[in-house]
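Here's the structure, in structure tokens; my notes come after.
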Amino acid sequence: MTDTSLEQLSKFGITELWQVGLVMPLQYKDLRLVQYDLNPYQGFSGMTLFGGHIHSVSDIKLGRTKKRSPFIIVELTDQQGFRLKTFVYDTAENLKSLSNGLAMANQHHPIYVYGLPEYQNQQLILKNQEFIAPDDLGRLHVCYELAKGRSKAEPKVIDFLSRLLSERDVIKECADKIRELLSATAVSNKRLKQFLGAAPSDNIEQMLQEIHFPDCVQRGYARIRQVSKLAAVLIGAEAKKLASQWGVKRVPLQFESEAIDNRIKSLPFQMTEEQKSAALSMVAQMTTAVSQHMMLIGDVGTGKSCVIGTCAASVVDAGGRVAIMLPTSNLARQLHREFSEYYPDISPTLVIEGEIIEEISQCRMLIGTTAIIHKQWPFTFDLAVVDEQHKFSVEQRELFCADGAHLLESTATPVPRTAALLKHGVLKVYELKHCFVDKRIESRLLEHYAGRDLAIRALKTLQSGQKLLIVCALKDESKCEAFADIQNATEAYEKWCRFIHSNRHVLPDGSGVVLAHGGLTNEENAAAIDALNTGDANVLVATTLVETGLTIKGLTHCIVMNPDRLGLVQLHQLRGRLARHGGVGYFDLLLPLEISPKSKDRLELISQISHGVTLAIEDMKLRGFGDLTKSGRSQTGVNQRYLFGYKINLDDLNDAIELIDTSS
């Protein structure tokens, strides 16, 4: 490959020629058979190519949502008078051009349209439609798409990819590389083929050939399924390798049992047996001559901070140094205040932007933000703690412990990549399961028309002297059309100010609304939260800025606007802000006017699952588990080394790792 071609493909994870063979087609379009009979009673199924003449093309209309998206209705008819209707959404300019083009083409030949037929109200409706040029008929098209995040490959890159598959011996190189990688595992060829569901005579090169140059659509999809399972075996082998290779040699820490006991007894509260067990086990793990990777998991209210504190103080007592990294300055300040109270003899150092650090050589315990990894220190750390692990990238976490420090990560909801590593024993996990206060959170999904019922519940919350949190996905109005239907925090703040004003006669004295989001200064956001804590306000309108670390006494009700725009982990973290001191909390998700069934099913998990780790596993199933290889950086989505454009099934990964284990 030329440097130019590598540059085109490398942004999507393809850095070697053989990987091109593992780019899976997005879909196959079989344009070899045209359905000219539009009788809806035939029972069409799956993507189908239809042909017919224009019966009508509507004027440009506007959708009923806030975005008012323009669309036209195109109706085709056959010789018997049966019709097919499809709704085409696009810009007004493109729709006008399409209408003119259809009218001209209809004079010379039938109109061809490919899509998914449905039978509605005694009429054939075509969804996901694509108009097909006559020159494209008679072929089975293999359609590719390369994407990473919101970035998609341009058509010229896809064309280049197709040429590589056609002109170069890419498929043979890919098959040879896969066989080389498989040879490092103990999986026999016979067991591998059984796992893949392949015939004894099948080989890897044949599978790849039938994916990229299929004679049959069903056969192509079947081969994609087999190669995705093959990729699961390669990823599983990498994950097992990662487990055996973690850590570097270091000087073991020497702990004294009496010093650890004194730290536990000196706390202003009594640690639970579960907390003590987790802390003592992690301390014991750090007596090894190899750096350790540990994970502390526990929902909000299980007391992760005191476990972290006990481990950190014990390392300092053993002559070591500790750094604790948190995602925001407010959280860093909060933990610094707590640990300064718990461990006054250590005198923890706060490391945030703008904070001046004196006598650096005397620092034994640092608490701060990513400012810690951006500073040069005249010493190394023995323990690196990453609190709220899901807020940091793989690079940030690994840089934090690059000099051989033990790594302790803490979260209620591990990111998908970490959840997969935990599930397969790559990380040592300690889980806190018991909350130290008695609380219950009711989670509900509410349709867009339930606003009145929601207002009544909010009013009852405020009348009872409790506090209310309103969460919005955006801080203010966006110029992007895709976000037109999303209520922003600034708009919501104004609405809730009017709500409080109109109901002031039935609300407690001092009722008021405050606003917090990323567009305000740290001081302004801190003042808003302080107003809620001091009782100067009882409603906070905010963005997801408040998803971690917010502790407000009396906060028992949270309403999330447009929850489909937030991840499951974010929603669970927001739910954790409620009833922090015990009691009952209400977590309401107000759905938008338009929401896909897939998004709604995802949000249903919030009302069904209250356990953070279980929710993280479900999130991993939905978003993918990222890249489990040692050099992997992606924490979600599909693996970007052994498969492109197709998400590996979690059950396949589980089965693949079991296959590797039993083969060993």
About the Cα centre, and with charges only on the beta carbon of Lys, Arg (+1) and Asp, Glu (-1), how big is the dipole of the chain? Nearest 20 debye, please.
860
Whole-Å distance linking the alpha carbon centroid of region 161-232 with that of region 298-344 is 50
Give the residue list of GluC sites (Glu not before Pro) in region 316-361 that are DSSP loop and have at most 16 other beta-carbon atoms within 10 angstrom.
Glu353, Glu355, Glu358, Glu359
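For region 7-141, give the magnitude of the charge dipole about the Cα centre (Cβ charges: +1 Lys/Arg, -1 Asp/Glu; no others), in debye to the nearest 20. Can you show the working numbers first?
Numbers: 13 positive and 13 negative charges, 116 e Å.
It comes to approximately 560 debye.
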Answer label, with percent of Cα pairs over 31 Å apart calculated from the coordinates and candidates [x] 64; [y] 54; [z] 59
[x]
Helix-only [θ]222 nm of the chain, DSSP H runs n ≥ 4, -39500 (n - 2.57) each, per residue, nearest 500
-11500 deg cm²/dmol
Of the accessible area of region 548-608, computed with a 1.4 Å probe and all protein chains kept, carbon and sulfur make up a percent value of 49
Estimated inter-spin distance, Glu130 and Ile360, nm [label 7 Å along Cα→Cβ]
5.7
Förster-model FRET efficiency, 45 Å R0, Gln107 and Arg64, C-beta, rounded to 0.05:
0.85
Note down the net charge around Arg337, summing +1 for each Lys or Arg and -1 for each Asp or Glu among other residues with Cβ under 15 Å from its Cβ.
-4
By how many nm would the segment from Thr288 to Glu604 lengthen if fully extended, with 0.36 nm per residue of separation less the alpha-carbon distance?
109.4 nm
Looking only at aspartates and glutamates whose Cα falls under 15 Å of Lys391's and that sit 8 or more positions away or on another chain, we get Glu409, Glu547
Starting from region 1-109, pick out the chymotrypsin sites (Phe, Trp or Tyr not before Pro) whose DSSP state is loop and whose Cβ has at most 15 other Cβ atoms within 10 Å.
Tyr36
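For the pairs Lys265/Lys553; Lys11/Lys647; Lys276/Lys433; Lys598/Lys647, flag any whose C-alpha to C-alpha distance is greater than 25 Å.
Lys265/Lys553
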Among all the lysines, which ones have a C-alpha under 18 Å from Lys29's C-alpha, if same-chain residues fewer than 8 places away are not counted?
Lys127
Any idea what angle helix 257-266 forms with the longest principal axis of the chain, computed on alpha-carbon atoms, 0 to 90 degrees, nearest 10?
90
For Thr556, distant residues with modelled amide H under 5 Å away
Lys467, Ala579
Relative contact order of region 268-378: what whole-number percent is it, with Cα pairs under 8 angstrom and at least 6 residues apart?
24
May I ask what percent, to the nearest 5, of DSSP beta bridges between residues of region 225-372 are antiparallel?
10
Any idea what angle helix 522-534 forms with the longest principal axis of the chain, computed on alpha-carbon atoms, 0 to 90 degrees, nearest 10?
70
Could you tally the net charge around Gly43, taking each other residue with its Cβ under 14 Å from the Cβ of Gly43, Lys/Arg +1 and Asp/Glu -1?
-2
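Using a 1.4 Å probe on the protein chains only, how many percent of the accessible area of region 87-233 belongs to carbon and sulfur?
Its accessible area is 48 percent carbon and sulfur atoms.
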Could you tell me the calculated FRET efficiency between Arg444 and Glu398, based on Cβ-Cβ distance and R0 = 41 angstrom, to the nearest 0.05?
0.55
Once each part is reduced to its C-alpha centroid, what is the distance from region 114-150 to region 488-532 in angstrom?
48
Between Asn649 and Thr490, what is the label-point separation in nm under the 7 Å Cα-to-beta-carbon projection?
4.8
For helix 597-608, report the angle its Cα long axis makes with the longest principal axis of the Cα atoms of the chain; keep it between 0 and 90° and round to the nearest 10°.
30
Around Asp652, what is the net charge, scoring Lys/Arg as +1 and Asp/Glu as -1 over all other residues with Cβ under 11 Å from its Cβ?
0
Longest DSSP-loop-exposure-free segment, trypsin sites (Lys or Arg not before Pro), the chain, at most 10 other Cβ within 10 Å:
151-478
Simple spin-label estimate for Ala199/Ser596, 7 Å along Cα→Cβ, in nm, reads 3.6
From a point 7 Å beyond the Cα of Asp159 in the direction of its Cβ, which residues of region 118-141 have a backbone N at a distance under 18 Å?
133, 135-136, 141
Nearest 5 is fine: what % of DSSP beta bridges in the chain come out antiparallel, could you say?
35
Compute the relative contact order of region 181-324 as a whole-number percentage, counting only Cα pairs closer than 8 Å that sit 6 or more residues apart in sequence.
22
Solvent-accessible area per residue for the chain (1.4 angstrom probe, square angstrom):
47
Calculate the FRET efficiency for Lys265 and Gln376 from the Cβ-Cβ distance with a Förster distance of 30 Å, rounded to the nearest 0.05.
0.20
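The values are calculated or read from the model by the stated rules, or taken from the named source; none is laboratory data. Worth saying up front: this structure is predicted, and the values here are computed from it rather than measured. All Cβ positions, glycine included, derive from the backbone under ideal geometry; neighbour counts span all protein chains shown. These area figures cover heavy atoms from the full protein model, side chains too; ligands, DNA and RNA do not enter into them. Shrake-Rupley method; radii C 1.70, N 1.55, O 1.52, S 1.80 Å.
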